[in-house]
1. Pull up the range 94-127, narrow it to residues that are of a type in the set (Lys, Arg) and either outside any strand (DSSP E or B) or without any contact (Cβ under 8 Å) to a residue 12 or more places away in the chain (or both), then point me to the one that is farthest from residue 79 (Cα to Cα).
2. Within the range 13-34, count every residue that is out of contact with any strand residue (DSSP E or B) (no Cβ under 8 Å at 6 or more places or on another chain), surrounded by 15 or more Cβ atoms within 10 Å (Cβ to Cβ) and more than 17 Å from residue 98 (Cβ to Cβ).
3. Could you list, in sequence order, all residues of the range 111-138 that are out of contact with any Asp or Glu (no Cβ under 6 Å at 6 or more places or on another chain) and of a type in the set (Ser, Thr, Tyr)?
4. Can you pull out every residue in the range 35-45 that is more than 30 Å from residue 97 (Cα to Cα) and either in contact (Cβ under 8 Å) with a residue 12 or more places away in the chain or surrounded by 12 or more Cβ atoms within 10 Å (Cβ to Cβ) (or both)?
5. Between a first residue in the range 49-76 that is closer than 13 Å to residue 116 by Cα and a second residue that is at pLDDT below 90, which pairs have beta carbons less than 6 Å apart while being 6 or more apart in sequence or on different chains?
6. Taking into account only those residues within the range 55-87 that are part of a loop (DSSP other than H, G, I, E, B) and within 15 Å of the chain's Cα centre (by Cα), which is nearest to residue 101 (Cα to Cα)?
7. Counting only residues that are among the acidic types (Asp, Glu) and surrounded by 12 or more Cβ atoms within 10 Å (Cβ to Cβ), which one in the range 78-108 is nearest to residue 23 (Cα to Cα)?
8. Report yes if residue 26 is at pLDDT 95 or above and closer than 16 Å to residue 128 by Cβ, otherwise no.
Amino acid sequence: DMALQKFTRAILSGKKIQVYNYGKHRRDFTYIDDIVEGVVRVLDKPATSNPEWSGDHPDSGSSKAPWRIFNIGNNKPVDLMDYIAALENALGKKAEKIFLPLQPGDVPDTYADVNDLVEQFNYKPSTTVDEGIARFIRWHLEYYES
């Protein structure tokens, strides 16, 4: 999700940010370190093929091919306005906002179902939005402002 980078650059440069659906979105923001940890954990347990799998009666949890799909997400949807407030807090600067309607094809709420990840790997991302944003801002300021 590019919102964090886009919003950060706009706020730091005094530009307005576009807030769709009048800020009434809920999203599942996941910190990059949590994603990497999830990927590393699944690498140690490769998928196996299901020789009984049939296209006539497909099982969405398996395949003839040795693959699996796991959602690696925070599973804690956050109100967009709370996300923006956390960003403003980390930057020490208020965002100027332009509130816009829901865009065609967008949905108000999204979040990752991580049940399979928890069941098979005993892993659930844990970095809070406030903590993740604060870490990102420290990195961003060091990388771009130094």
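1. Going through the range 94-127, the residues of a type in the set (Lys, Arg) turn out to be 94, 97, 124.
Keeping just the survivors that are either outside any strand (DSSP E or B) or without any contact (Cβ under 8 Å) to a residue 12 or more places away in the chain (or both) gives 94, 124.
On the way: 94: 17, 124: 20 Å.
Checking each candidate, the answer is 124.
2. 3
3. Within the range 111-138, the first condition is being out of contact with any Asp or Glu (no Cβ under 6 Å at 6 or more places or on another chain), and the residues that meet it are 113-124, 126, 128-138.
Across the range 111-138, the qualifying residues are 123, 126, 128.
4. Of the range 35-45, the ones more than 30 Å from residue 97 (Cα to Cα) are 36-45.
Residues satisfying the conditions are 37, 38, 39, 41, 42, 45.
5. 62/50; 62/53; 68/47
6. Initial filter on the range 55-87 (part of a loop (DSSP other than H, G, I, E, B)): 55-77.
Right, trim to within 15 Å of the chain's Cα centre (by Cα) and you get 70-77.
Details: 70: 32, 71: 29, 72: 29, 73: 26, 74: 26, 75: 25, 76: 24, 77: 20 Å.
It comes out as 77.
7. Quick first cut of the range 78-108, residues among the acidic types (Asp, Glu) only: 79, 82, 88, 96, 106.
Among the residues that remain, those that are also surrounded by 12 or more Cβ atoms within 10 Å (Cβ to Cβ) are: 79, 82, 88.
Numbers: 79: 8, 82: 9, 88: 15 Å.
For the range 78-108, the residue satisfying everything is 79.
8. It is true that residue 26 is at pLDDT 95 or above and closer than 16 Å to residue 128 by Cβ.
The values are calculated or read from the model by the stated rules, or taken from the named source; none is laboratory data. Note that the coordinates shown come from a computational prediction; the quantities given were computed from them, not determined experimentally. So basically every Cβ, Gly included, is an ideal-geometry build from the backbone, and we count neighbours across all protein chains shown.
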